[in-house]
Amino acid sequence: MRIAVTYENGQIFQHFGRTEQFKVYDVEDGKVIASKVVDTMGSGHGALAGVLNLIEVDVLICGGIGMGAQIALQEAGIKLLGGVSGDADKAIEDYIAGNLNYNPEVRCDHHDHHHGENHACGNHGCGGNHTCEGH
C-alpha cells in the first residue's frame, strides 16, 4: 500500500491545493518499509490528484481539501482521510494502527465566497470547518 501525506517541515500541510510536497510511505505487513518526499512540480488543486495517481498512491492524508479535489481523488480511486493535523510520521503510525483521527466531512470552502484582494486564505491553515468568515 502507498500512502501520501500533504507535507511541510515534518507536519501535515493544511491546504491540499497549495501543498508543494507530499511525503509518500510504502507500507507492507503493517510496517513502513520506505518513505520519500515528492515535489508537486508546481501542480495545484485538482491536478494534484493526477500527481498522486501517477506515483500510484492508494490513500491520501491531508488537512483541508476542496470539493473539486475530493472529486478528482475519488475518480482516481484514491481514499481520502482529511481534517488531519500534526506530525506526518505519527499520522502514518496512527493510520496503520487503525487509530487515525480524521474528519470524513472535511472541506475547505474558502473557494465558495469572495475575499478582498489582499486576503491570502491559504496562509492560515484550512481545517475541517474553515469558512474564512470575518475576512
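Taken together, the values in this text are just the output of simple stated rules run on the coordinates, not laboratory data. Computed from a predicted structure; not experimentally measured. Here the Cβ is made from the backbone with ideal geometry for all residues, glycine too, and neighbour counts use every protein chain on show.
Remark: region 15-21, residue by residue, has Karplus-estimated 3J(HN,Hα) of 9, 3, x, 10, 5, 9, 8 Hz, where x stands for each Gly or Pro and the curve is 6.51 cos²θ - 1.76 cosθ + 1.60 at θ = phi - 60°. Residue-wise HN-Hα couplings along region 54-63, as the Karplus relation 6.51 cos²θ - 1.76 cosθ + 1.60 with θ = phi - 60° gives them from phi, are 4, 9, 6, 7, 9, 9, 10, 10, 8, x Hz; Gly and Pro carry x.
Could you pull out which residues in region 29-67 have an amide N less than 16 Å from a spot 7 Å beyond the Cα of A97, following the Cα-Cβ vector? Under 16 Å, as judged by backbone N against the label point of A97, lie 30-32 of region 29-67.
Amide H neighbours of S43 under 5 Å, at least 5 residues apart or on other chains, H built in the peptide plane: list them. Residues meeting the criterion, in which the H sits 1.01 Å from N, do not exist here. When D26, D94 are sorted by how many other C-beta atoms sit within 10 angstrom of their C-beta, beginning with the fewest, the order is D26, D94.
Relative contact order of region 1-103: 29 percent, from C-alpha pairs under 8 Å at least 6 residues apart in sequence.
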